[in-house]
């Protein structure tokens, strides 16, 4: 269980790295948009191959896939709406980065559970680990940048992402220790939930942030991110 938690924390540590990049103030404008696009492409690949695809294979009937996918999307939507209704919500700088923080929680924890389960077979999935690490960076950079612009203190920002990384580590340990003998439909439900949350995050927050300005290179960066993550998944 400790090893599963350590591997998951390694993958989620890129959230802290992304926050540090944002706090440095050196990544803005088009470079930031390209990074977000690249990470978005990696997330599309992760949800297609490592989450939704695995969910379909694990499910006996497909019902758990449908329930999990819709549940992930609905939970993210509800959380996003609640943030929108907070003082200084979306009307002020995209929710101050909180929707992206919410997305990191809703997709990071199920992803970490899946990563923990891969250790049951003998070792962590390097493809999933690398895809998680790559996609976390732009998500954190974008969220941290908005948090800074909304007045959040650097210590608060680092602390928030560190808590998400710790929660991911705990989720991986639980996945390894308690869900190793779970049914295929339970695993499918977890995978599909993460996929639904990720897809809603991409459509609502990440891709709009990547296209904040007219930048046609974002599309190419997105394709590149997808290609890299897909190669890792398919070659594993």
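The values are calculated or read from the model by the stated rules, or taken from the named source; none is laboratory data. For clarity, every value in this text was computed on a predicted model and none was experimentally measured. Cβ: placed from backbone, ideal geometry, glycine included. Neighbour counts: every protein chain shown.
Overview of results
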quantity: Residue satisfying all of: in region 1-47; free of Cβ contacts under 8 Å to residues at least 40 places away in the same chain and assigned to a helix (DSSP H, G or I); farthest from residue 230 (Cα to Cα) among these; calculated: 24
quantity: Test for residue 159: is it at pLDDT below 80 and either surrounded by fewer than 24 Cβ atoms within 10 Å (Cβ to Cβ) or assigned to a helix (DSSP H, G or I) (or both); calculated: no
quantity: Residue within region 33-43 that is surrounded by fewer than 16 Cβ atoms within 10 Å (Cβ to Cβ) and modelled with pLDDT of 80 or more present; calculated: no
quantity: Residue within region 62-71 that is at pLDDT below 85 and over 24 Å from residue 217 (Cα atoms) present; calculated: no
quantity: Search result, residues across region 211-236 that are buried (at least 19 other Cβ atoms within 10 Å of the Cβ) and farther than 19 Å from residue 133 by Cβ; calculated: 218
quantity: Residue in region 119-141 that is touching a helix residue (DSSP H, G or I) at 6+ places or on another chain (Cβ under 8 Å), closer than 26 Å to residue 230 by Cα, at pLDDT 80 or above and surrounded by fewer than 24 Cβ atoms within 10 Å (Cβ to Cβ) present; calculated: yes
quantity: Test: residue in region 55-71 that is more than 15 Å from residue 199 (Cβ to Cβ), within 14 Å of the chain's Cα centre (by Cα) and surrounded by 20 or more Cβ atoms within 10 Å (Cβ to Cβ); calculated: no
